[in-house]
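Remarks on the structure that follows.
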Amino acid sequence: MELSTQKLIHTFGALADLGQEIAGRGDFTEMVRTSMHLLLGTLALRRGAVAECIDQGELRCVALWGLEPRLFTGFSIEESDKDQFLHGDASDFLLSNPTTTNSLLNRHRDRFTEHEIELVLPMIVRGEVTGLVLLGGKASGEEFSNADFDTIKAMVRHIGVGIHTHRLLEQVAQRAEENRRLYEELRAIYRDTVRAFAAAIDIKDKYTQGHSERVGRYSEIIAREMGWSEQEVEGIQIAGYLHDIGKLIVDRDIINAPYHIDAKRSSDLNRHPAAGYEILSPINHPYADIPLMAKYHHERLDGRGYPDGLTDEQIPLGAKIVALADSFDAMTTDRPYRRRRSFEDVVRDLRENSGKQFDGKVVAAFARAILKEVNGEAKKRPITKMLGKSYLEGENVAGLLTDLIADLMAAPQATVTPIKRITSAGSE
Ligand SMILES: [Fe+2]
């Protein structure tokens, strides 16, 4: 095979390798370094460097072989240099060319001579100089031929495209990061606004201070225990905060009645889930089904809840979670007409009403979350904190929870025929 054919094949091979290198590498600096070595190896060059243009014509060295980094100290590229690079011929970039008019070469001739640089080539992508490739002479001592120039120009162009693509990707990543931060900020604002709303709902009801906040926290804990994604967990926390928002339209005297209310007042109060749905529906929430969770947080599996008397399968799981969180908080906080119930009593209620009022799977998940705190297996103890330290300190608390979980897991969900609707007992 002729020497020129061999060289051609070798050059094609190198270009193919270079293309693969640029397309495949995740590590930018490593990609440029390997690309430069391919270029040096293809033409048997002694030394070389690749530098990219950064702000104000400053050059940043990305790869270096056989040269010292001080080569780039105080070295920059000016706008007029860029014009000459864009319109110049390859021979203009050759230090040995005595007639070169390239101002950058002439300005830094001493520097290049000291470091034995023979060729300074621009990397041009889409009509812009993105950097420079500096090359030393051939190891054989031969002059650069026209074919060498063509090879070098092709490879330098490849490297330039690699650098340009990397920059674009960096910009895209930066924009994505900015968008992500903005989205996080908006979510935080949304959450804070919702919490402020929750506080406003609770202020109207002087006996249930902090109720909505606690229902949000309990709902979050149950959903996480049931394996919901973090996005869904955040959503149900919001639903918990807002579940009683419909109370804003109920007369303050009815909400604050210090005794069990009569049927008329009760029916007024029972409008609050549907009213909550009306308030929340027009809002574009970043989470799914929040209005429905508010609407159905007083539904029961046996169909005796309100507003629609739905049964088990018809009630969204989120609403079942909020319903349990709501009732649990009602049972474990004091009211003007009664003290809160003992934990033993609450567990008895949950056991008796699983399959009727509550979904057994949801109750079991909540019991597991409480048990983890009682057994010291949880990193944080939000439930203990909300209930007060002493509430879960009874000797048999762990036993009660363990038995409840075992029984709920063993028993199939009770299916109860709807009888008649009842009013809001054991929940807010
Ligand atoms: Fe409610």
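The values are calculated or read from the model by the stated rules, or taken from the named source; none is laboratory data. In this text the structure is predicted, and so the values were computed from the model without any measurement. Heads up, the Cβs are rebuilt from the backbone with ideal geometry, glycines too, and the neighbour counts pull from every protein chain shown. Surface areas here come from the heavy atoms of the whole protein model, side chains and all, with no ligands, DNA or RNA. Shrake-Rupley method; radii C 1.70, N 1.55, O 1.52, S 1.80 Å.
Points worth noting:
- Carbon/sulfur fraction of accessible area - the chain, other protein chains in place, 1.4 Å, %: 52
- With the largest listed first and rounded to whole Å, the semi-axes of the equivalent ellipsoid of the stretch 85-187 from the Cα gyration tensor are 38, 14, 12.
- Taking the square roots of 5 times each eigenvalue of the Cα gyration tensor of the chain, largest first, gives ellipsoid semi-axes of 77, 23, 19 Å.
- With loop membership from DSSP and a limit of 15 other Cβ atoms within 10 Å, the longest segment of the chain without chymotrypsin sites (Phe, Trp or Tyr not before Pro) is 1-258.
- Note on the stretch 71-131 and the stretch 322-336: Cα centroid distance 78 Å, given to the nearest whole angstrom.
- Note on the chain: GNM, Cα springs under 10 Å; of Arg181, Arg109, Arg167, the largest mean-square fluctuation is that of Arg109.
- Relative contact order computed over the chain (Cα-Cα under 8 Å; 6+ residues apart), in percent: 11
- Against the chain, whose longest principal axis comes from its Cα atoms, helix 397-410 is set at around 80 degrees.
- Bridge type composition, the chain - antiparallel percent by DSSP, nearest 5: 95
- 0 to 90° range, to nearest 10: angle between helix 230-242 axis and the chain longest Cα axis: 40
- Across Lys320/Lys385; Lys247/Lys380; Lys204/Lys247, pairs whose alpha-carbon gap is larger than 20 Å: Lys320/Lys385; Lys247/Lys380
- Accessible area per residue in Å² at 1.4 Å probe, computed on the chain: 51
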